[in-house]
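S.K.: After the structure tokens below, expect a handful of questions from me.
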Amino acid sequence: MKDITTDRRSNLIKKNVGDLMREMFSSRISEVISEIIRMADEIGCKAYLVGGFVRDLLMKKPNRDVDIVIEGDGIKFAELFARRVDGRVRTHKRFKTSAVIFSDGFRVDVATAREEYYAHPAALPVVEISSIERDLYRRDFSINAMAICLNGKETSMLYDFFGGQSDLKDHVIRVLHKRSFIDDPTRVFRAVRFEHRLGFRICEPTLLLLESATREKLFEKLSAERLFNEAVLILEEQKPEEALLRMNELGLLKFIHPELCFRVESNQLMNHCKETLVWFELNFPGREVRRWVVMMMALFDSLANDCRDEMLQKFKSAKKMLSCPLVNLAKVEAATAKLHKPVVSPSFVGKAFENLTNEALVFMAAKQTGEGIKALVTSYLTNIKDIRPFINGEDILKMGVSPSPIISNILEQVMEAQLDGKLKSRHEALKLADKLSR
Ligand code: CTP
């Protein structure tokens, strides 16, 4: 067992937070927690609320990601709990964690109180069963390392071993020990993410450790997937541009690509993207847009094509995540080049925008200041994209044209005429097709 001497010495402060829980929890969360308590009492184990859920409760921020730790057998608890609530359970035996998913999608993460060892920096941890104190000690920051006991004599008692409450009060992000970033370099990105989400500051000793991890290039050891998962989480935040400016300042972006930077222009572009996302979601409520994709496009916009290719090469295992924004960027660039004409017909817009995803449309409208592209996107989505053609291939075959590329050629021309308002009915469309087929 590891010695539990910390840079932040373990000094338990307890506080009953029952009133706060009653004040803050929705009836749904209260029901779920009551069920967790019943189950833990039945099995005879101790259950604790932990992590971001506790942090946000103390900050009076809503959070639906219920994260619990069981002193005992967490996997068995999760299996029985899932049966009790008619849910499904997904278990990672290696990490002694499970997720219980209710029939309506509500999710509770369950872990066995555990200690983690890292065979080498950035490796996935080796896990051993332990007490709640040791479980909290392996966590990233003091503000995320508090627990609330849910049952037994100390029901509703907050356990704060590492000064989490005082750091919440002082708006500080602090690791618990010197090896934290070495054990798990994703924490460098998490530190920046929480700093900007919560409006906190990474404290000086933690910043020194973070800078040292950066100098040691610890992220090079992280898998591409883990690195880009963190990037996506940052881009999904409300103010990704602030976190990216900070990452730029800390020299973190160069691990993605040496030429990648985030300065005033990228900041402006990202802000335009945020405004355009609001506009898009308001005007086209049924059309889904992945925010992180638009934001990643803004992040990589200034990167030259060969740098984008190098990035794809370097991070092969994150290809799925990376190629979507990069392919979108290339398509937007091609479409924008086509639109440099004073007047464009609907069929021309249809052609220029075909194959553009919603993310690409948003990015394109954000990149071009002024209302021009927004108007074209509106007209494309409202009048062009989903328009049903008056005729189809069957109609052309019936005219005696044998199966060949000629058919799609005719259909394309008829569709162009339809989009440009030159055809008013199926009858007129058939007439034109007939003429074209001769
Ligand atoms: N954790 C950690 N080190 C990591 C990731 C997570 O110690 N690299 C711990 C923290 O205690 C964290 C908890 O696991 O609070 C849950 O992780 P996660 O759900 O990723 O973070 P949250 O703190 O819940 O943040 P968010 O609000 O973004 O979900």
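S.K.: Taking a probe of 1.4 angstrom, what is the accessible area of Phe348 in Å², to the nearest 10?
M.R.: Number for this one is 60 Å².
S.K.: Against the longest alpha carbon principal axis of the chain, how many degrees, from 0 to 90 and to the nearest 10, is the axis of helix 319-338 turned?
M.R.: With rounding to tens, the tilt is 30 degrees.
S.K.: Could I ask something else about it? Whole-Hz Karplus ³J(HN,Hα) for the range 60-71, in order, using 6.51 cos²θ - 1.76 cosθ + 1.60 and θ = phi - 60°, x for Gly and Pro?
M.R.: 3J(HN,Hα) across the range 60-71, in whole Hz: 6, 9, x, 8, 9, 8, 6, 10, 10, 10, 10, 7.
S.K.: If you don't mind, there's one more thing I want to ask. Would you pull out the residues with amide H under 5 Å of Thr112's amide H, same chain only if 5 or more places away, H placed 1.01 Å from N?
M.R.: Ile70, Gly74
S.K.: With every protein chain present, what accessible area does Glu412 have (1.4 Å probe, heavy atoms only), rounded to the nearest 10 Å²?
M.R.: Taking all protein chains as shown, Glu412 has close to 90 Å².
S.K.: Give me the percent relative contact order of the chain, please, defined on Cα pairs under 8 angstrom at least 6 residues apart.
M.R.: Relative contact order for the chain comes out at 10 percent.
S.K.: Report the gain in length on full extension from Glu288 to Ser323: 0.36 nm times residue separation, minus Cα-Cα distance, nm rounded to one decimal.
M.R.: Working: separation 35, 0.36 × 35 = 12.60 nm, distance 1.88 nm.
Additional length available on full extension: 10.7 nm.
S.K.: To continue, here is another question. Which aspartates and glutamates have a Cα less than 19 Å from the Cα of Lys424, not counting those fewer than 8 places away in the same chain?
M.R.: In chain and number order, the partners are Asp386, Asp395, Glu412, Glu416, Asp434.
S.K.: Now for a separate question. Check Met146: other-chain or 5+ apart residues with amide H under 5 Å from its amide H, H built from backbone geometry?
M.R.: Under 5 Å from the amide H of Met146: Gly51.
S.K.: Between Asn16 and Glu79, what is the label-to-label distance in nm when each label sits 7 Å out along the Cα-to-Cβ direction?
M.R.: It is 3.7 nm.
S.K.: So how far apart, in nm, are the two label points at Ile37 and Arg179 if each is 7 Å from Cα heading toward Cβ?
M.R.: Taking the two extended label points, one gets 3.8 nm.
S.K.: Give me the mean projected area, in nm² to one decimal, of the convex hull enclosing the Cα positions of the range 254-384.
M.R.: Quarter of the Cα hull surface area: 8.1 nm².
S.K.: Between Cys261 and Thr155, what FRET efficiency comes out of the Förster formula 1/(1 + (r/R0)^6) with R0 = 51 Å and r the beta carbon distance, rounded to 0.05?
M.R.: 0.50
S.K.: How do Met296, Met399 rank by accessible surface area computed with a 1.4 Å probe, from largest to smallest?
M.R.: Working: Met296 0, Met399 60 Å².
From most exposed to least exposed: Met399, Met296.
S.K.: Follow-up question, since we're still on this one. Any idea how many Lys pairs in the range 292-417 come in under 19 angstrom at the alpha carbon, given 8 or more places apart or on separate chains?
M.R.: So the count of such lysine pairs works out to 17.
S.K.: Just to check I understand the Karplus step: with θ = phi - 60° and J = 6.51 cos²θ - 1.76 cosθ + 1.60, what whole-Hz values come out for the range 89-95, glycine and proline as x?
M.R.: Result, rounded to whole Hz: 10, 10, 10, 10, 4, 4, 9.
S.K.: Would you calculate a helix-derived [θ] at 222 nm for the chain, using -39,500 (n - 2.57) for each DSSP H run of n ≥ 4 and dividing by the full residue count, to the nearest 500?
M.R.: -15500 deg cm²/dmol
S.K.: From the C-alpha coordinates alone, can you work out the Kirkwood hydrodynamic radius of the chain, in Å?
M.R.: 25.4 Å
S.K.: Now, a different point. Solvent-accessible area per residue for the range 13-170 at a 1.4 Å probe radius, Å²? Walk me through the numbers on the way to the answer.
M.R.: Values: 7000 Å² over 158 residues.
That works out to 44 Å² for each residue.
S.K.: Let me ask something else. Return an integer: the convex hull volume of the alpha-carbon atoms of the range 393-437, in Å³ per residue.
M.R.: For the range 393-437, the hull spanned by Cα atoms encloses 57 Å³ per residue.
S.K.: For Val172, which sequence-distant residues (separation of 5 or more, or a different chain) have an amide H within less than 5 Å of its own amide H, given hydrogens modelled in the peptide plane?
M.R.: Arg201
S.K.: Another question about this same structure. Could you compute the net charge surrounding Glu412? Neighbours are other residues with a C-beta less than 13 Å from the C-beta of Glu412; K and R count +1, D and E count -1. Show your work: numbers first, answer last.
M.R.: Working: positive: Lys351; negative: Glu354, Glu416, Asp420.
Taking every Cβ under 13 Å from that of Glu412, the sum is -2.
S.K.: Using Cα pairs closer than 8 Å and at least 6 residues apart in sequence, work out the relative contact order for the range 393-437, in percent.
M.R.: After rounding, I find 43 percent.
S.K.: Using only Cα atoms, tell me the angle between helix 305-314 and the longest principal axis of the chain; keep it within 0 to 90° and round to the nearest 10.
M.R.: Computed tilt is about 40 degrees.
S.K.: Over the range 61-216, what is the relative contact order in whole percent, taking alpha-carbon pairs under 8 Å and six or more residues apart?
M.R.: Answer for the range 61-216 is 15 percent.
S.K.: For Thr155, Thr186, what's the largest-to-smallest order of accessible area, 1.4 Å probe?
M.R.: Listed by decreasing accessible area, they come as Thr155, Thr186.
S.K.: List the pair-distance distribution P(r) of the range 13-170, using every Cα-Cα distance, as the percent of pairs falling in each 10 Å bin from 0 up to the bin containing the longest distance, rounded to whole percents.
M.R.: Here the calculated profile for the range 13-170 is 11, 42, 37, 10, 0.
S.K.: May I ask you to give the percent of accessible area on the chain that is carbon plus sulfur, with a probe radius of 1.4 Å?
M.R.: Its accessible area is 51 percent carbon and sulfur atoms.
S.K.: Could you list the trypsin sites (Lys or Arg not before Pro) in the range 38-79 that lie in coil according to DSSP, counting only those with at most 15 other Cβ atoms within 10 Å of their Cβ? Could you put the intermediate results ahead of the total?
M.R.: Values: sites: Arg38, Lys46, Arg55, Lys60, Arg64, Lys76; in loops: Lys60, Arg64.
In loop regions of the range 38-79 (DSSP not H, G, I, E or B), the sparsely surrounded trypsin sites (Lys or Arg not before Pro) are Lys60, Arg64.
The values are calculated or read from the model by the stated rules, or taken from the named source; none is laboratory data. Because the structure is a prediction, the values reported are computed rather than measured. Backbone-built Cβ (ideal geometry, glycine too); neighbour counts: all protein chains shown. The protein model used for the area step is the full one, side chains on, heavy atoms only, and it has no ligands, DNA or RNA in it. Shrake-Rupley method; radii C 1.70, N 1.55, O 1.52, S 1.80 Å.
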